[in-house]
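> Supplied in structure tokens, the structure appears directly below.
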Amino acid sequence: MSTPRNHIVVMKFGGTSVEDATAILRTASIVAGRLRKGLSPIVVVSAMSKVTDTLLAAAAAAGRNAREDALKLSDTLRTRHLNTAAELVTNPDRLTSLQLNIHHEFDTLDDLLRGISAVGELTPRTSDNVVSFGERLSSVIVTAAFAEQSMPSAHIDARTVILTDHHYGKAAPNEPAIEAALTEHVLPLVDLGKVPVMGGFIGSCDGITTTLGRGGSDYTGALVGGGLHAGAIEIWTDVNGIMTTDPRIVPEALRVKTISFEEAAELAYFGAKVLHPATILPAVQKNIPVFVLNSRNAENEGTRITATPPPCASPFKSIAAKKKLTIIDIVASRMLLAHGFLKSVFDVFDKHGCAIDMVSTSEISVSVTVDSKEALPAICAELSKIADVKYEGNKALICLVGEDIRGISGISGQVFSSISHVNVRMISQGASEINMSFMINEEDVDEALRSLHKNFFANPDPTIFDVEARVPMMDKV
Ligand code: ADP
Ligand code: ASP
Ligand code: MG
């Protein structure tokens, strides 16, 4: 295994941390703080907030021949980026070169949108190209803003280092190739005392632009940290860290001070938006601690994700919810026990590249949950050849995660009695034994999270949860 480079810290800033000039200045001062500590930061940025959604909307408009709508969306983005640049950069040469760069990117984007609307078809490959402009633009603006703050920044086009396969929309990274490219293009800059800045989310395959899937900038951060064997990976976002549940639904959610790689991976996979599910893998491979931190409250110590967190007196660390799922019931009274039946069922999902979140079986049926809508009609048509199939949408998965549920008896009784008013469909305790998950109707999610949170976090273990943050909140009541 490579030698750790403990002085390198990979700092990933999400969309809200670069949403406007004020946020970018906050980001600059956080990075400058790491430099002052003698660390070598490598910065990965998302697109400015909402830009990815707008680019996808522009691509979709172009794909249905609505050329003017697409160009109008691009125009609003051009103005926003130019205004942010002008607020951040006063050095005339630097500003002129930045403005030229931004105009050049938008001219290229507009040509692309015109091309898509001329053919009236949006392929996944073209969609990745359109959506990549968000990170391409934010990264050049942030690089210039850092230089303006007297930081020795250097822009890296992420597509030269994040090398992937050609699975457009959700490309898989080629980690050995990434490691080699980082060593060639990024490490020399670090050694010169520069702060490399690159866009997250985007990569390339044989020179063609790809993306790592929505929320993929976290993954870029982890790939860079893993590839260079950094001392730490920091994910800077708009909340104080990983919380006991989504604070937008349960405002009393508490910060989790420390959590294991395994717990964080389960939470991310089962819907906690704060981390991209693949983020943990490169960090685990080299045992690099990952921190989740708040760029609006940089003093807060955030959440530390490590291999060996201390034991926790509370059974669960956090509760995640994943919405927009569909349950498919496959009933085959005669065939289920027949050799190879389950294999043929799973082969159908596999063939359509459709990931299954949860499975439960009975003597005559198997139920699975999936989050893909597009492939459903084709999958069900194929399954109907071997079984009776019905599906139901608008479902949600609730997942409670905690290493310390291992071996606790009666825990599921406590879970279900606290939400006895909610209709529960499928139940599963993962093979990892650190999660308990079940399906409910989407409309019951908020209520279920509130009830579960009240029940399991009434008396939180102060070594693991930030209970002090709760005091002022209770004073207000
Ligand atoms: P970024 O743009 O920085 O990547 P995201 O919007 O992807 O940020 O993720 C941060 C958001 O994740 C938070 O604002 C919060 O609403 C949501 N979230 C969901 N579950 C959790 C959780 N368990 N802990 C913290 N945040 C969560
Ligand atoms: N900008 C991309 C998205 O919104 C990637 C990211 O922010 O992580 O999905
Ligand atoms: Mg994110």
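Rule-based calculations on the coordinates, nothing more; no lab input. Quantities reported herein were computed from a predicted structural model and do not represent experimental measurements. Ideal geometry is used to build each Cβ from the backbone, glycine not excepted, and the neighbour counts take in all protein chains shown.
> If neighbour count is taken as other Cβ atoms inside 10 Å, put 89, 359 in order from fewest to most. Numbers along the way, then the final one.
Values: 89 21, 359 14.
In increasing order of surrounding Cβ atoms, one gets 359, 89.
> To continue, here is another question. Quick one: 16, 258, 160, fewest Cβ neighbours within 10 Å first, how do they rank?
Working: 16 19, 258 22, 160 16.
Listed from fewest to most nearby Cβ atoms, that is 160, 16, 258.
> Rank the residues 352, 421 as a footprinting-exposure proxy: fewest other Cβ atoms within 10 Å of their Cβ go first.
Result, fewest neighbours first: 421, 352.
> Taking Cα pairs under 8 Å and at least six residues apart, what relative contact order does the stretch 325-440 come out at, in percent?
Details: 172 pairs, mean separation 33.8, N = 116.
In percent, rounded to a whole number, it is 29.
> I've got another one for you. How charged is the neighbourhood of residue 246? Take every other residue with its Cβ under 12 Å from the Cβ of residue 246, and add Lys/Arg as +1 and Asp/Glu as -1. Walk me through the numbers on the way to the answer.
Numbers: positive: 248, 273, 322, 323, 450; negative: 252, 446.
With Lys, Arg at +1 and Asp, Glu at -1, the neighbours total +3.
> Tell me, what is the Rg over Rh of the stretch 205-295, with Rh the Kirkwood radius over Cα pairs?
With Rh from the inverse mean 1/r over Cα pairs, Rg/Rh is 0.99.
> Counting only GluC sites (Glu not before Pro) that sit in a DSSP loop (anything but H, G, I, E, B) with at most 14 other Cβ atoms within 10 Å, what is the longest stretch of the chain containing none of them? Present the calculation step by step, with values, prior to reporting the outcome.
Values: sites that count: 121, 299, 301, 363, 374, 433.
Excluding the exposed sites themselves, the longest stretch runs over 122-298.
> What pairs from 170/395; 286/317; 323/373 go past 21 Å between their alpha carbons? Kindly include the intermediate steps, with their values, before the conclusion.
Working: 170/395 24 Å; 286/317 24 Å; 323/373 12 Å.
Result: 170/395; 286/317 exceed 21 Å.
> So, one more: Using helices alone, what [θ] at 222 nm do you get for the chain, with -39,500 (n - 2.57) per DSSP H run of 4 or more residues, divided over all residues and rounded to the nearest 500?
Working: 16 runs with 192 residues, N = 477.
Value at 222 nm, helices only, nearest 500: -12500 deg cm²/dmol.
> In nm, to one decimal, how far is the modelled label at residue 72 from the one at residue 442, with both set 7 Å along Cα→Cβ?
Distance between label points: 2.7 nm.
> I've got another one for you. In a solvent-free Debye calculation with one equal scatterer on each Cα, what is log10 I(q)/I(0) for the chain at q = 0.07, 0.11 Å⁻¹, listed in the order of the q values?
-0.40, -0.99
> Let me ask something else about it. Relative contact order for the stretch 334-400: what is it in percent, counting Cα pairs under 8 Å that are at least 6 residues apart?
24
> Here's another thing I want to ask about it. Normalised by the residues of the chain, what does the relative contact order come to in percent, with Cα pairs under 8 Å and at least six apart? Numbers along the way, then the final one.
Working: 979 pairs, mean separation 65.5, N = 477.
Relative contact order comes out at 14 percent.
> Further, regarding this structure: Only bridges whose two residues both fall in the chain count here: according to DSSP, what percent of them are antiparallel, nearest 5? Present the calculation step by step, with values, prior to reporting the outcome.
Numbers: 42 of 70 bridges.
Bridges in the chain that DSSP calls antiparallel: roughly 60 percent.
> I've got another one for you. In whole Å, how far is the Cα centre of the stretch 379-434 from that of the stretch 168-190?
Comparing the Cα centres of the stretch 379-434 and the stretch 168-190, I get a distance of 38 Å.
> Can you tell me which aspartates and glutamates have their Cα less than 15 Å from the Cα of residue 322? Leave out same-chain residues fewer than eight positions away.
246, 266, 357, 371, 442, 443, 444, 446, 447
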